[in-house]
Structures are given as structure tokens and as C-alpha cells.
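A short write-up of the structure that comes next.
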Amino acid sequence: MFTEAGVEIAAAEIRGVTPDAFNRDVSVDPGEPMDLHRVMGTPAPRACANERRYAANFSSFVREWDGTPFRVDMIDNFPDHVTEADLLDLLDAVGLLADKIEDQLGYRILEMGDVVPVPNGMRAGWNEGPNLSLCELPREPGQIHAFYTDHTLRSSPETDAWAHCSSSISYLQPFLTYWPCRGCEDERTPPPYGHFTDGVTLHEIFHVLGYIHTEDYEHNRTTRGVPMSWALRGALAPEADAVLYSDVDLLRCIFPEGG
């Protein structure tokens, strides 16, 4: 297997030249595993332009940045068979991502929070049915909520999570069909293109941070949101490995050190 910033590429798929995560052609020998960053070297950081404004056009949460790391808390409203230990396992990917961002940028943007109870005053059935009022979730500045929604929302039955209200993400009914299972790959899709539960969490958090699906972005035309990498778009790796160098490099432009 070949590894590029956490994305595994089957050796059988590589025939002489393959594009890396930065759209450069890299000559490889299928007989020898290699780390493309080691061979190519770490890319120079991008020159920031309008990324912060474009991200804020997609998620108003971006405007809350004051240099204090955002905290991701997991609301304990999952079905009874999901334990607190399961939720802490799901949060582990956030902690690994927080460290990965600090390693690359030199400062923290995210923090792994805690498992917290349902906020006081929430109406009965607040997370059920097609007409959800999820924006009513009370929160502290800089807090990102993750929780369970007992519905599939308005997307296809296969949808597993959803980002909404600029400051929260929810796991939908289908998510529980292949979780709890930390880092497990979706058995319905063979490697290396399977779905990872950790990747689902990070994918939705990046939506909160102003990122849009790669296929929805058009260079020099799209001004609402910034593009996530294809690896993050597909949640193609466990833990924090679905997040590539380019995803973190964009964070530097959206959330500059010190606010």
C-alpha cells in the first residue's frame, strides 16, 4: 500500500505515474512503498486571499474566531445501546485532528471537548421528525455541538450526518448501522474507497468551518465556501487521516493565528 497524507492507494492501481494530492504527477515504482511527502517534500503554504470571506459566506460560525480554539462537545442523546465510552471514542478523532492542525500550523484551532447532557429547556422530541428546529440549541461562544438526530433529514436514506445552523453537526439514523465501531470501514464499499466513521465526523466539522464539497467548488467563480480535499469529501481514512495538508493549509487562511 502507498500512503499520501493518510490516503491509502492500492499498489495494483499505480502504473508508473499517478497524481498526488496537489495534482502533480509523481513517478512511482509499484514494488516499493513510499511516502509522497517524503519524496516530494512539504509544499509551501498557500498565499492567502479571500478564503476567510468565502468561508464566512458559507458558515457564519467562521466569524466567531478570536484566536481561542473551538471546542467540539458530544451531546449524550444517542440511543441507549450507545455508551459514553462509545461517544468518547468518536470524539478521539477530533483530538487527533486538533493535534494535527497544531503540528502543521503551530497553533490550535480545535479542541476535543466532552460528552455533555442535553441542554436544559429543550422541548420534547427536539431531535426527531422532519421539521427539526436545531438552531434552537443553546451553546457557548466557540462551541460546536455534535448529537444524534432520529431522522434522515431531507437527503437520501444513505446519508449519515449533517451540518447545520453553522455551529452543530448531527449523526442520522443510518450512521448507527455501521457504528459504534471506531475507525471501521463501511463493509458496503471495498477499500480504498470505503467510508470511515471518524471521517464522517471530520467531514461535517469542516462544513461548520466553512468548507464545501469539492464538486460544488469552481475556481475563481465560487465565493460561498472553500473546497475540501477529495479525501475529506469522501471520508476516506480513519482517525484524522482523511484531512490532508491542503485542508489544514486552508484553515490558516480562514482562522489566522490570534484571531
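Return the long-range amide H neighbours of Val118 (sequence gap of 5 or more, or a different chain), with a cut-off of under 5 Å between placed amide H atoms.
Under 5 Å from the amide H of Val118 lie the amide H atoms of Asp76, each far enough along the sequence or on another chain.
Please find the FRET efficiency linking Asn57 to Arg123, where r is the Cβ-Cβ separation and R0 is fixed at 35 Å, and quote it to the nearest 0.05.
Once the sixth-power term is evaluated, E becomes 0.65.
So what does Tyr217 come to for accessible area, using a 1.4 Å probe and Å² rounded to 10?
Looks like 70 Å² after rounding.
Taking amide hydrogens as modeled 1.01 Å from N in the peptide plane, which residues meet the under 5 Å criterion relative to Leu110, leaving out close sequence neighbours?
Amide H neighbours of Leu110: Phe70.
Stretched out fully, how many nm does the piece from Thr222 to Val116 gain, at 0.36 nm a residue minus the Cα gap?
34.5 nm
Please list 78-86, 240-248 highest first by mean number of surrounding beta-carbon atoms within 10 Å per residue.
Highest-to-lowest ranking by the protection proxy: 240-248, 78-86.
On average, how much accessible surface per residue is there in segment 206-259, in Å², for a 1.4 Å probe, leaving out ligands, DNA and RNA?
39 Å²
Highest first, please rank the peptides 58-65, 110-117, 162-169 by the mean number of other Cβ atoms sitting within 10 Å of their residues.
Values: 58-65: 18.4, 110-117: 16.4, 162-169: 20.6.
Going by the mean number of other Cβ atoms within 10 Å, highest first, we get 162-169, 58-65, 110-117.
Note down the nm distance, to one decimal, between modelled labels 7 Å out along Cα→Cβ at Ala49 and at Glu215.
2.5 nm
The values are calculated or read from the model by the stated rules, or taken from the named source; none is laboratory data. Treat the numbers as computed from the prediction; the structure is a model and nothing was measured. Please note: Cβ atoms are built from the backbone with ideal geometry, for glycine as well, and neighbour counts cover all protein chains shown. The accessibility values were calculated without ligands, DNA or RNA, using every heavy atom of the protein model including side chains. Shrake-Rupley method; radii C 1.70, N 1.55, O 1.52, S 1.80 Å.
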